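Taking it in order: structure first as structure tokens, then the write-up.
The values are calculated or read from the model by the stated rules, or taken from the named source; none is laboratory data. Keep in mind that this is a model prediction, so the values were computed, not measured. Counting neighbours? That spans all protein chains shown, and the Cβs are built from the backbone with ideal geometry, glycine included.
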Amino acid sequence: MKSIETIATVSKDGKITAQLPLDIPDGEHQVVIVIDEKPLAQKHEKKEKKAPLKFSAYPVGLISESLTFRREDLYAND
């Protein structure tokens with residue numbers, strides 16, 4: 001048994017179309033469908049836009065004067 005979460009499209013005549021991973025063999029399969037009562041478009045319209053998070057810079061300085069973390073110090077010459 002395999003659990004797949006995807007987005008499906010439901011047409012007016014009640015048919016459902018969904019994209020599945022390619023490793024699912026073709027043919028008839030027994031499936032369980034759980035449908036949210038509101039379509040995604042309606043759910044996103046009602047969400048309020050939140051302001052982006054603001055992170056202030058916090059100067060921490062060097063851990064040690066001998067640690068520069070230059071590329072030449074981190075990687076070998078090979």
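So the values come out like this:
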| read-out | value |
| --- | --- |
| Residue check for Lys54: at pLDDT below 75, charged (D, E, K, R) and over 20 Å from the mean Cα position of the chain (by Cα) | no |
| Boolean, Leu67 is outside any strand (DSSP E or B) and modelled with pLDDT of 85 or more | no |
| Boolean, Asp73 is loosely packed, with under 10 Cβ neighbours inside 10 Å, at negative phi and not in a loop (DSSP other than H, G, I, E, B) | yes |
| The range 1-18 residues that are more than 16 Å from Leu40 (Cα to Cα), paired with ones that are surrounded by fewer than 10 Cβ atoms within 10 Å (Cβ to Cβ) (beta carbon under 8 Å, 6 or more apart) | Ile4/Pro21 |
| Verdict on Thr17 being assigned to a strand (DSSP E or B) and exposed (fewer than 10 other Cβ atoms within 10 Å of the Cβ) | yes |
